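Structure, as structure tokens:
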2 protein chains.
Amino acid sequence: MDLFIDRSELARSLASIQGVIERRSARPILSHVLMHASADGLKLTATDEEVAYIGELASSVNEPGELAVDAASLFQVVRALDDATVQLKLGKGDRLEVRAGRSFFRLPGIVAQEFPPLPAFDVRGQAMIDSGALRRLIDQCAFAIATDENRLGFNGAHLEEVGPDCVRMVATDGHRLSVSEAAFEGELALPPRMLLPRKGLGILRKLLDTSNEAITLAFGDNAMQVTRPGQRLWFRLLDGEFPEYKAVLPQSSHHTVTCDHATLVSALRRVSVLAHDRSRPVRFAFEPGELTIDIRSSDRGEVTERVVIDLEGEPLTAGFNVRYLQDILGAISTENVQFDLSGELGPARLTGVGADDAFFIVMPMRLS
Amino acid sequence: MDLFIDRSELARSLASIQGVIERRSARPILSHVLMHASADGLKLTATDEEVAYIGELASSVNEPGELAVDAASLFQVVRALDDATVQLKLGKGDRLEVRAGRSFFRLPGIVAQEFPPLPAFDVRGQAMIDSGALRRLIDQCAFAIATDENRLGFNGAHLEEVGPDCVRMVATDGHRLSVSEAAFEGELALPPRMLLPRKGLGILRKLLDTSNEAITLAFGDNAMQVTRPGQRLWFRLLDGEFPEYKAVLPQSSHHTVTCDHATLVSALRRVSVLAHDRSRPVRFAFEPGELTIDIRSSDRGEVTERVVIDLEGEPLTAGFNVRYLQDILGAISTENVQFDLSGELGPARLTGVGADDAFFIVMPMRLS
């Protein structure tokens, strides 16, 4: 292996890899990035065996070859180099030689044969989606995934097709639920069990930060691939079965509340200063024209916030976990927000007024 | 107590207080801020009994009074308020009532009598110093203070007068030493033992971030006060005796090296990627025209960096802790930097070329 490559391109790809590798794995090879140089350029592969990242970089390759090196060390070295171009060369004793300007590094490597092969991927279906829409799906659902990895079925985001050319992402931890939809083009051919892992979604979300082009999604029986020019992300689907979420969606609403989004967010930020005990609900009293939010007896103090609202239906008082509402409001970007309440203890439905592509359910808590 | 006050002024003062209070103290009162309202305005006091912060804020006081409240809670509340003006009022049961716009908080308080009184402060001398100069003194010395609080004498920064109207700050942990000087006006009348604690210097440094006016320094027998309009910081001096540092200052130099500051900083940043073992020195070979810095046998790899230098005197090879050199170079802001080396194991003196107001000493380490 002997090649010249653009330093900032290489650094960017190595930065993406840092989220994939396992630094504290029992298998040191999983903290390594596999470099594979050929006439096509330089391919970088990193995996923790649940998620894999494959980056393809333009490079002037003098001699093909491959080697795995510690991904964190290589990233730190490349990031600190000054010159625009870096030479990477396989040296004696499976060492990677890095040269740039007046700098010379020799980093220990592991032969490529020890790098775990990526599983075969049989494409069932493939579709294109706008990268902004995919970002929105993730932002509106990721927070509702159960944080406990052992809660099978709740520990990932579910995907399904709804109607022609529309894909729906759903996530729930049993206390709140997110549903978000976006258009796609192509044939998704989703497998029946379609549960995307939290870690993979997080890595994908970061990749999308700098993306404006269309993204290709491909599905196999147990895995998914996301491709954008020069980068591919593979992730294994989770085993569990997503709960029958449709049964909990409220069928009717007797109280409809609309209010200014920013005003409510601001009021909840203040209430949350005293809402440290998550097992205790905060009191929301919806009255004609005004919502009163209060915490009356915390050892940290008391708070009362009043927010102007428009209420259709009878007044209602319900208890909510403020943090759950904050998460949902953070995923809504419209000027006004709507609550559809089905009763003191019935599921509440939240939407951005005018945004039909997502809704959120949160379960009230019993007020003591 | 009943007053109206500007929200952002109050938030700014409470932000400064967060670094002073002890959150995990056995004495809950030390996590509180004492609020004292009088015809002069609102005075805020916070202390951990080693450092005290006193802020004086303009305020429209309807009723004087005082109360201590949890400083972190109050800061979070005030920071989250939307309105420009906040009402603070002493309510029933020693509670602080906070009102702004449609928000109302009631925070538990402790009667002012339980707040520890600040020690008497007998001013020996008082001087004015430019806030930029005081910032520089701290930035050039703080990193060299021993991090081990139990190393008496090494655990603070020393102040002394050198010549007329010039004050010198010195700090050392035994491995490296900083000396930084600045002009002042007035009578310092420094006590013989003059050791400033690390925590107090850190708080002072933060206050100076937003300061451009002259600062008043006042010294008592065991304490120091720093005053700027509306804010006063008091801190107890440390007990230990600063070491006789002048004995270790190198008297002569046989090798003088100058080089570009930014180039050397950049080379050391790369070397530090592999310099994880602080007990092992990095090799610096000063030759005519070129400095070679290298790590030859680390299990993380090898690195060689070359830097263009100007060398007067014979070539010399010495071992240094890279981190110590990085700290010093970070405290130098000139375009070029000068090393005066007295031998393989003799103290090395570093200065910014053209900056006579500071110098730094670092001890080489034996190369194996």
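So which strands (runs of 3 or more DSSP E) are wholly in the range A:164-268 and hold at least 1 residues that are modelled with pLDDT under 95?
Numbers: elements: A:166-172, A:176-183, A:185-187, A:195-197, A:214-219, A:223-228, A:231-236, A:255-260.
Per the criteria, A:185-187, A:195-197, A:214-219, A:223-228, A:231-236.
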Does A:L311 count as touching an Asp or Glu at 6+ places or on another chain (Cβ under 8 Å) and either of a type in the set (D, E) or crowded, with 20+ Cβ neighbours inside 10 Å (or both)? yes
All but one of (1) among the basic types (K, R); (2) under 33 Å from the mean Cα position of the chain (by Cα); (3) not assigned by TED's automatic domain parsing to the domain that holds A:P197 hold for A:R99; state the number of the condition that does not hold. (2)
Please pick out the residue among A:L274, A:L238, A:L249 that is buried (at least 21 other Cβ atoms within 10 Å of the Cβ) and under 20 Å from A:M365 (Cβ atoms). A:L274
Name every residue in the range A:194-206 that is buried (at least 20 other Cβ atoms within 10 Å of the Cβ) and in contact with a helix residue (DSSP H, G or I) (Cβ under 6 Å, 6 or more places away or on another chain), in order of residue number. A:L201
The lone exception for B:T258 - which of (1) open to solvent by less than 10 Å² (accessible area, probe 1.4 Å); (2) away from chain A (no Cβ under 14 Å); (3) touching a strand residue (DSSP E or B) at 6+ places or on another chain (Cβ under 8 Å) it fails: (1)
Hey, any hits in the range B:165-184 for a residue that's open to solvent by less than 60 Å² (accessible area, probe 1.4 Å), of a type in the set (S, T, N, Q) and under 23 Å from B:P229 (Cβ atoms)? no
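Of everything in the range B:327-368, what is open to solvent by 60 Å² or more (accessible area, probe 1.4 Å) and closer than 20 Å to B:D294 by Cα? Give them in sequence order. Give the steps one after another, and end with the answer.
Of all residues in the range B:327-368, those open to solvent by 60 Å² or more (accessible area, probe 1.4 Å) come to B:330, B:333, B:335-336, B:344-345, B:349, B:353-354, B:356, B:363, B:366-368.
Listed by number, the residues that qualify are B:E344, B:L345, B:M363, B:R366, B:L367, B:S368.
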Which of (1) within 14 Å of another protein chain (Cβ to nearest Cβ); (2) touching a Ser or Thr at 6+ places or on another chain (Cβ under 8 Å); (3) open to solvent by 10 Å² or more (accessible area, probe 1.4 Å); (4) closer than 15 Å to A:L42 by Cβ does A:D70 not meet, given it meets every other one? (4)
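Just checking, which of B:P119, B:P64 is surrounded by fewer than 16 Cβ atoms within 10 Å (Cβ to Cβ), farther than 30 Å from B:A358 by Cβ and not assigned by TED's automatic domain parsing to the domain that holds B:V20? Even if it seems obvious, please write down each step before you answer.
On the way: B:P64 fails: not assigned by TED's automatic domain parsing to the domain that holds B:V20.
Just one listed residue meets the conditions, B:P119.
If you scan the range A:104-124, which residues turn out to be within 14 Å of chain B (Cβ to nearest Cβ) and farther than 19 Å from A:L42 by Cβ? Even if it seems obvious, please write down each step before you answer.
Taking the range A:104-124 and keeping what is within 14 Å of chain B (Cβ to nearest Cβ), we get A:104-110.
Correct list: A:F104, A:P108.
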Taking the residues in the range A:138-165 that are closer than 16 Å to A:G200 by Cβ and of a type in the set (V, I, T) as candidates, determine which candidate is farthest from the chain's Cα centre (by Cα). A:T147
Which residues, counting only those in the range B:131-153, are crowded, with 17+ Cβ neighbours inside 10 Å and not small (G, A, S)? B:L134, B:R135, B:R136, B:L137, B:I138, B:D139, B:Q140, B:C141, B:F143, B:I145
Number of the condition not met by B:E160 [criteria: (1) acidic (D, E); (2) under 16 Å from B:M224 (Cβ atoms); (3) open to solvent by 70 Å² or more (accessible area, probe 1.4 Å); (4) modelled with pLDDT of 90 or more]: (3)
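Could you list, in sequence order, all residues of the range A:214-240 that are under 19 Å from A:L188 (Cβ atoms), charged (D, E, K, R) and over 17 Å from the mean Cα position of the chain (by Cα)?
Of the residues in the range A:214-240, the ones under 19 Å from A:L188 (Cβ atoms) are A:214-228, A:232-238.
Keeping just the survivors that are charged (D, E, K, R) gives A:221, A:228, A:232, A:236.
Residue satisfying the conditions is A:D221 alone.
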Flag for A:E56 being closer than 21 Å to A:G230 by Cα, touching a Gly at 6+ places or on another chain (Cβ under 7 Å) and surrounded by fewer than 20 Cβ atoms within 10 Å (Cβ to Cβ): yes
Some residue of the range A:26-35 being without any contact (Cβ under 8 Å) to a residue 60 or more places away in the chain, crowded, with 20+ Cβ neighbours inside 10 Å and touching a Gly at 6+ places or on another chain (Cβ under 6 Å): no
Only one of B:E50, B:E97 that is more than 14 Å from chain A (Cβ to nearest Cβ) and either open to solvent by 40 Å² or more (accessible area, probe 1.4 Å) or at pLDDT 95 or above (or both): B:E50
Test: A:R232 is surrounded by 15 or more Cβ atoms within 10 Å (Cβ to Cβ), among the charged types (D, E, K, R), touching a Lys or Arg at 6+ places or on another chain (Cβ under 9 Å) and touching a residue at least 24 places away in the same chain (Cβ under 8 Å): no
Taking the range A:279-295, which residues are more than 14 Å from chain B (Cβ to nearest Cβ), open to solvent by 50 Å² or more (accessible area, probe 1.4 Å) and within 21 Å of A:V353 (Cα to Cα)? A:P288
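The values are calculated or read from the model by the stated rules, or taken from the named source; none is laboratory data. The model shown is predicted, which means the values in this text are computed figures rather than measured ones. A quick note on method: Cβ atoms are made from the backbone with ideal geometry, for glycine too, and the neighbour counts reach across all protein chains shown. Only protein heavy atoms, including side chains, enter the accessible area calculation; ligands, DNA and RNA are left aside. Shrake-Rupley method; radii C 1.70, N 1.55, O 1.52, S 1.80 Å.
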